[in-house]
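Below is one structure, written out as structure tokens, with a few remarks after it.
The values are calculated or read from the model by the stated rules, or taken from the named source; none is laboratory data. Since the model is a prediction, treat every value here as computed from it, not as a measurement. Cβ sites come from the backbone with ideal geometry, for glycine too, and all protein chains shown count toward neighbours. The protein model used for the area step is the full one, side chains on, heavy atoms only, and it has no ligands, DNA or RNA in it. Shrake-Rupley method; radii C 1.70, N 1.55, O 1.52, S 1.80 Å.
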Amino acid sequence: MDLRKRRLRQDSAWQPDKPFVIAALEGQQNTVVAVNAAAAACGIAPGMALSRARVIYPDVKAEAASLAEDAKALQRLAVRALRYSPLVATCPTDGLWIDATGAAHLFGGEDAMVKGITRRLRAIGISARTAMAATPGAAWAWARYGHGDPVLVPGAQTSALDDLPLRALRLAADTVQTLRHVGVKTIGELRRIPRATIPVRFGEMVLRRLDQAMGFMPEAITPLTPPAARRRSMSFAEPIAAPEDLQRTIDILTRGLCEDLDKTQEGAQKLDLVFVRIDGQMPAIRIAMARPSRDVSHIAKLLTEKLPTIDPGFGIETVTLNAWRVGPLQPVQLGSDGRDGAAHKDMGELVDRLANRVGARNVFKIAPVARDIPERAAVATDPMKTATIQDWPAHWPRPTRLLSPPEPVSVIALLPDYPPAKFRWRDESHSVRIADGPERIFGEWWNAAREVGEVRDYFRVENDRGERYWLFRKSITGSDDQWFLHGVFA
Amino acid sequence: MEMANKNNDLDVLKQRIRQLERLGGAVGKAEGVKALPLLPVLDHLWPEQGLPLGCLHEARGDGGLSSYGAVTAFTAAIAGRLGKVLWCGKRADRTNAGLYGPGLAQVGLKPDQMLAVTASTDDDILAVMEEGLRHPVLASVVGEVERLNLTSRRRLQLAAEKSGVTAFVLRTPSRRNGLQTEPIAAASRWRITPAPSAPHSIPEAGRARWRLELFQSRSGATGEWMIEAPDAQGYFRLSSPVADGFAKAPAAPRQRLATG
């Protein structure tokens with residue numbers, strides 16, 4: 001299956017109807033390793049030199065292959081495939097083996113399972129070829145070179161494989177080449193050569209692959225170790241609906257899950273609580289925490305707060321609590337009062353509770369940034385993160401409240417360079433008693449070209465009532481000065 | 001011996017009275033009421049010799065944005081001296097003027113001390129405040145709301161009492177926020193208005209001055225003072241009375257128990 005296409009689809013410039021290839025450096029030349037449908041239609045094929053592909057279609061878009069990323073994506077896909085069978089193995093660099101022994105009937109039989117897998121993969125943007133056979137080798141061969149029915153029944157397997165080219169045996173390219181030289185092009189032709197002579201003439205591997213595909217020799221796949229499920233589930237003989245019952249269920253599940261997490265010294269960071277209703281609906285609560293936690297009361301509280309969003313309908317028969325993101329969490333020393341010392345003092349818990357209430361984006365810390373333009377000197381950051389710089393420079397007075405964006409004011413000044421004598425803001429006129437300034441701040445020309453000629457002169461002004469405002473005159477080379485009110489002072 | 005016993009009894013009684021007066025997180029706490037000294041002239045208004053902690057305080061300006069900036073600085077200075085603070089404001093404010101970190105740091109509220117939360121309605125802010133008041137990790141909780149009824153005041157006050165975390169409610173500028181006396185559940189209600197700074201020998205702005213008005217308090221004391229804006233550590237200073245001729249002695253505490 002072509003994993004790369006999926007990665008590309010996420011690219012904003014991705015145009016599915018334009019020829020597109022992935023190229024990798026093989027020896028001294030860039031070789032096409034994967035193509036999309038449009039490129040294939042132009043006649044570009046994997047194995048072709050990239051320069052040749054460009055001759056065929058000059059505007060072909062090419063991207064470098066990334067093996068590490070492909071391997072990671074394949075691994076992720078393998079984890080998803082665990083829904084079909086507990087035994088799933090990756091088959092580098094582009095395939096998956098799913099051991100469907102005893103699993104196919106759960107998905108409506110072998111045909112339905114194969115079709116289902118293909119359909120699901122297509123839904124997430126992967127064009128895949130799927131096949132089912134009695135041995136991993138045969139499945140590998142049939143998925144890549146087979147035709148017709150994707151399911152090979154054991155009786156038909158040998159004859160079906162006989163027609164396939166030798167490449168279908170997972171042999172090295174030069175071995176295939178050698179065999180071609182002696183006129184052996186298909187698996188059937190290979191089987192007609194006297195067995196005893198094959199290892200001597202073409203190497204050990206040929207016979208082994210042949211026997212593995214035919215099922216004469218066992219082949220072990222290395223199944224993925226499924227991630228340990230951090231989940232707890234409860235089913236009820238009679239459906240429940242009362243909030244108190246749900247509340248009690250949450251408590252029990254949370255306690256159980258936290259015990260599990262305690263054993264592995266992990267903490268849950270993201271949790272789903274899924275209620276299976278008797279009508280098949282599955283309302284769920286999702287919570288996220290600022291840092292991993294296995295504090296029973298904390299997690300239970302976060303879940304309980306969202307309980308009112310769940311409609312139990314005619315009753316709930318199963319409740320599952322699933323920690324789908326966990327992180328390492330070392331045991332903490334108890335405080336001298338027997339309480340969990342560190343956790344008690346921790347801000348993390350408070351941050352979680354608040355984020356649960358108003359959304360994680362609305363809980364933040366105002367952190368200093370080394371920027372000159374005042375509105376960029378303070379940013380909202382992750383509340384649990386320590387800032388890179390500790391404080392703002394203190395030598396220039398700064399307002400406690402900043403208008404964003406700055407509001408334009410009309411100003412009367414005695415001379416163009418003077419501080420304002422009068423200004424008008426929000427339909428109110430202020431006469432300036434004292435003005436301090438200017439503090440000159442230049443545009444950040446090293447970041448943005450349009451700020452090259454920009455200069456702001458900040459004035460701290462006090463009006464006749466004692467109100468203090470932060471005004472600035474914005475001058476850009478080649479245009480008139482403008483005045484803005486940017487903040488109010490203590 | 002007897003004397004010591006008597007003193008002890010007296011302390012217990014005093015403690016009891018404070019609990020009745022709802023001044024501070026004394027309920028079930030051995031260490032008693034804590035207070036933050038602000039200014040000598042103010043501190044003697046409270047039996048604890050300072051602004052009582054673990055209860056609700058309210059501050060507002062005169063309805064203008066500039067005075068709200070002063071209210072912000074006043075609260076930030078006090079909260080900064082107390083320790084960690086949770087500050088909840090409105091996402092899209094009518095005033096369009098958000099908190100500015102550098103300015104807060106200049107009155108003593110450092111960025112690492114403050115956790116900020118934005119919510120969309122007054123009710124959300126009050127709920128967030130209550131949540132924060134339950135966490136003793138914090139020293140204080142500040143919330144900016146336009147309106148506040150007696151029930152929410154009581155709830156905040158109770159939550160503050162229970163944990164000992166101090167609550168501040170800032171009333172955002174609004175035409176409707178008059179200065180009417182309200183049934184009080186807050187320990188104190190303040191009004192801060194900017195005042196012209198003291199004349200200087202050279203034409204430049206010195207330290208800002210405020211007219212600080214305690215217009216309602218549970219102990220019954222009220223008063224009006226001219227103070228200077230807080231310094232970098234969050235300390236206030238009484239403005240020199242000669243400069244403006246405006247320092248009125250605080251009104252004597254009225255001898256009555258406040259309602260509410």
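Quick rundown of the values:
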item: Top-ranked residue in the range B:59-90 [being facing another protein chain (nearest Cβ under 7 Å) and open to solvent by 10 Å² or more (accessible area, probe 1.4 Å); ranked as modelled with the highest pLDDT]; result: B:Leu65
item: Matching residues, the range A:434-459, being of a type in the set (D, E, K, R) and open to solvent by 50 Å² or more (accessible area, probe 1.4 Å); result: A:Arg440, A:Arg450
item: Residues located in the range A:378-405, provided they are crowded, with 19+ Cβ neighbours inside 10 Å and aliphatic (A, V, I, L, M); result: A:Ala378, A:Leu402, A:Leu403
item: Count of residues meeting criterion [farther than 21 Å from A:Val88 by Cα, at pLDDT 85 or above and open to solvent by less than 30 Å² (accessible area, probe 1.4 Å)] in the range A:147-167; result: 4
item: Among the candidates A:Ser410, A:Ser431, residue that is open to solvent by 40 Å² or more (accessible area, probe 1.4 Å) and in contact with a strand residue (DSSP E or B) (Cβ under 7 Å, 6 or more places away or on another chain); result: A:Ser410
item: Members of the range A:288-309 that are open to solvent by less than 20 Å² (accessible area, probe 1.4 Å) and more than 13 Å from A:Ile250 (Cα to Cα); result: A:Met289, A:Ser293
item: Hits in the range A:31-72 - residues which are touching a residue at least 24 places away in the same chain (Cβ under 8 Å), over 25 Å from A:Cys91 (Cβ atoms) and open to solvent by 60 Å² or more (accessible area, probe 1.4 Å); result: A:Tyr57, A:Asp59, A:Lys61
item: B:Gly220 vs. criteria at positive phi and modelled with pLDDT under 90; result: yes
item: Test for A:Leu303: is it closer than 27 Å to A:Arg357 by Cα and assigned to a helix (DSSP H, G or I); result: yes
item: Verdict on A:Gly478 being open to solvent by 40 Å² or more (accessible area, probe 1.4 Å), at pLDDT below 90, more than 44 Å from the chain's Cα centre (by Cα) and away from chain B (no Cβ under 14 Å); result: yes
item: Long-range neighbours under 7 Å by Cβ, at least six apart or interchain, first residue more than 9 Å from chain B (Cβ to nearest Cβ) within the range A:373-397, second among the charged types (D, E, K, R); result: A:Ile373/A:Glu444; A:Thr381/A:Lys365; A:Met384/A:Arg291
item: Among (1) in a helix (DSSP H, G or I); (2) surrounded by 14 or more Cβ atoms within 10 Å (Cβ to Cβ), the one test that A:Pro223 misses; result: (1)
item: The lone exception for B:Asn96 - which of (1) in contact with an Asp or Glu (Cβ under 8 Å, 6 or more places away or on another chain); (2) open to solvent by 30 Å² or more (accessible area, probe 1.4 Å); (3) more than 12 Å from chain A (Cβ to nearest Cβ) it fails; result: (3)
item: Hits in the range B:205-217 (condition: among the charged types (D, E, K, R) and modelled with pLDDT under 85); result: B:Arg207
item: Selection count where residues are more than 14 Å from every other protein chain (Cβ to nearest Cβ) and under 43 Å from the mean Cα position of the chain (by Cα), scope the range A:437-475; result: 16
item: Hey, A:Glu462 buried (at least 21 other Cβ atoms within 10 Å of the Cβ) and without any contact (Cβ under 8 Å) to a residue 40 or more places away in the chain or not; result: yes
item: Meets criteria (part of a loop (DSSP other than H, G, I, E, B) and either more than 9 Å from chain A (Cβ to nearest Cβ) or at pLDDT 90 or above (or both)) for B:Ala185; result: yes
item: Filter result (more than 41 Å from the chain's Cα centre (by Cα) and assigned to a loop (DSSP other than H, G, I, E, B)) within the range A:184-220; result: A:Val184, A:Lys185, A:Ile193, A:Pro194, A:Arg195, A:Ala196, A:Gly203, A:Phe216
item: Filter pass, B:Thr166 being open to solvent by 10 Å² or more (accessible area, probe 1.4 Å) and either more than 11 Å from chain A (Cβ to nearest Cβ) or closer than 20 Å to A:Val488 by Cβ (or both); result: no
item: Residue, farthest from the other protein chains (Cβ to nearest Cβ), within the range A:398-419, restricted to residues that are under 25 Å from B:Val71 (Cβ atoms) and in a strand (DSSP E or B); result: A:Val409
item: Residue under evaluation A:Arg255, criteria (1) within 27 Å of the chain's Cα centre (by Cα); (2) modelled with pLDDT of 90 or more, criterion not met; result: (1)
